[in-house]
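To start, the structure under review is shown below, and the notes come after it.
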Amino acid sequence: MNCAKPKILPPCTLEDLTEDELRKFKTNLHEFPVKPGYDNIPRGQLQKADVLDLSELLLDSYTQDYAVEVTAAVLRRCHCNPQAEKLAAASGIEIINLLSLFPKPTAVSSHRHFIDQFREQLIQRTATVEQVLDKLLHKSIVNEEQYQKICSQETNQDKMRKLYKLVPSWNDQCKDQLKNALKDVNPCLIKDLEGE
């Protein structure tokens, strides 16, 4: 009797992730450069998904084998190596091959803007968010209400995350203004990221 493969990811894959790791996994999954013929899972679906829903989304969006490859590669990218290794062992895929699924950080994809490409690094490393916001307010990229809401956040990382919630609605010109503001305030950071 020929049995079809069950449509589930191997156990202990996503269930072992902390809340923060799961959040990072969802962000990286949305940005994962999928093979031609596949589409990224929409951000809105990912944000609402719990672990079980996420597993189903992966399997519905990709074939069983490709869903496992994508999951393991994204886990590695999120530094969740034990979970990636468990998944690879349970599925019989090779971890070494997974690393080739991601372009190296030096190869900035031509269709992704700098602001999108280096989202995580900019959130973690921008230390003078208010000065950046001042420039964006002056250029009318953010309005006074948005400015106040972002400034009300406690940490610089929270401020940058709040700012990044506006980015999906921006065109490339707005993103260029953000990059220029970041470059004016912290040229070493931008130079460092451009050099990657």
Task: At 1.306 mPa s and 10 °C, Stokes diffusion of segment 114-194 via Kirkwood alpha-carbon radius, µm² per second - done: 128
- [ ] Mind scanning K159/K183; K159/K179; K26/K86; K162/K191; K135/K165 and naming the pairs with a C-alpha gap bigger than 22 Å?
- [x] K162/K191
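Laboratory data are not the source of any read-out in this text; all were calculated from the coordinates shown. Since we're looking at a predicted model, the values are computed, not measured.
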